[in-house]
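Before any comments, here is the structure.
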Amino acid sequence: MLAGPSGSGKSRLADRLGLPVLRLDDFYRNGDEPGLPQLEMGVVDWDHPGTWNRDRATRAVESLCAHGVARVPRYSIPHSRREGEQEIDLRGAAYFVAEGIFAPEIVPDLRARGLLADAICLRHHRLVTFWRRLSRDLREHRKPPLVLVLRGLLLLRTEPAIIRRATTAGCVPLTPPRAERRLRRLVGR
């Protein structure tokens, strides 16, 4: 399980490991769903766990662990909605990576059920994470630029709390290079 603030490098590390990847961000709720948490600026707070379908994400992890296959949503962050489904097939792989900002939400349950090999929270200096997140979000046109800047400043301020919550949930805080070494030892790569 790879957790960490938005922009910390979870997807990049997951891809470098060469294992099947379950993108937990694909379990966001549609942006027009009633009752989603809002920021003071009047937009959905996509960093609040209430915007995420925890139960469906947990079932996908369980299915991959038990059967090696799972049907999962394909989510468009720029459009704030699911745009179909896809199948993830482990094809016999002994391990897979589940990564996303809400990973800590399910770490305790998965650990208690013996479904978790490791849980890591990626961390950098806050300004590095801020810059990486803003650059990525602008490049990918994830939201309007002003929203991205304001949201980025909010996340810059709250990043220590995000890492504390992940650590409290059972994730080990590591820089991406240390996390990669640890995970490669675990999976024998």
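Counting only C-alpha contacts under 8 Å and six or more residues apart, can you give the relative contact order of the stretch 88-183 as a whole percent?
Result for the stretch 88-183 is 41 percent.
I need to check one value: relative contact order of the chain, counting alpha carbon pairs closer than 8 Å and at least 6 residues apart, in percent.
Reported relative contact order: 31 percent.
Below 11 angstrom from the Cβ of LEU156, what's the summed charge of the other residues (Lys, Arg +1; Asp, Glu -1)?
After counting each charged neighbour, the total is +3.
Could you run the Karplus curve 6.51 cos²θ - 1.76 cosθ + 1.60 with θ = phi - 60° over the stretch 132-146 and give me ³J(HN,Hα) per residue in whole Hz, x for Gly and Pro?
Values, residue by residue: 4, 5, 4, 4, 4, 5, 5, 4, 8, 6, 5, 8, x, x, 4 Hz.
Which of VAL187, SER135, GLY170 sits farthest toward the positive end of the charge dipole of the stretch 2-187, with +1 on the Cβ of Lys and Arg and -1 on the Cβ of Asp and Glu?
Looking along the dipole axis, the top candidate is VAL187.
Over all directions, the average projected area of the alpha-carbon convex hull for the chain comes to how many nm²?
Mean shadow area of the hull around the Cα atoms is 10.2 nm².
Place a +1 charge on the Cβ of each Lys and Arg in the stretch 2-187 and a -1 charge on the Cβ of each Asp and Glu, then give the dipole magnitude about the Cα centre in debye, rounded to the nearest 20.
Dipole size: approximately 740 debye.
Among LEU17, ALA112, THR51, whose Cα sits farthest toward the positive end of the charge dipole of the chain (+1 at Cβ of Lys/Arg, -1 at Cβ of Asp/Glu, about the Cα centre)?
Checking the options against the dipole of the chain, the answer is LEU17.
Could you pull out every residue, at least 5 positions away or on a different chain, whose amide H is within less than 5 Å of the one on ALA98? Hs are placed 1.01 Å off N in the peptide plane, and Pro or chain starts have none.
LEU2, LEU22
Most exposed first by the Cβ proxy, i.e. fewest other Cβ within 10 Å, how do TRP131, TRP46 rank?
TRP131, TRP46
Quick check: from the Cα gyration tensor, does the stretch 62-118 come out rounded (a/c under 1.5), prolate or oblate?
Oblate is the answer for the stretch 62-118, as a/c is 1.5 or above yet b/c matches or exceeds a/b.
So how tilted is helix 176-187 from the main axis of the chain? Cα-based, degrees 0 to 90, rounded to 10.
Taking the Cα atoms of the chain, the angle to 176-187 is about 20 degrees.
What does the charge count around ASP137 come to, taking other residues whose C-beta lies under 13 Å from its C-beta (Lys +1, Arg +1, Asp -1, Glu -1)?
Taking every Cβ under 13 Å from that of ASP137, the sum is +4.
Please report how far the C-alpha centroid of the stretch 31-56 lies from that of the stretch 65-134, rounded to the nearest whole angstrom.
Here the two parts' Cα centres lie 18 Å apart.
Around ARG189, with a cut-off of 15 angstrom between Cβ atoms, what is the net charge of the other residues, counting Lys and Arg +1 and Asp and Glu -1?
Result for the local shell: +2.
No value in this document is a laboratory result; all are computed from the given coordinates. Predicted model, so just to flag it, every value in this text is computed and none were measured. Reconstructed Cβ throughout: ideal geometry from the backbone, glycine too, with neighbour counts over all protein chains shown.
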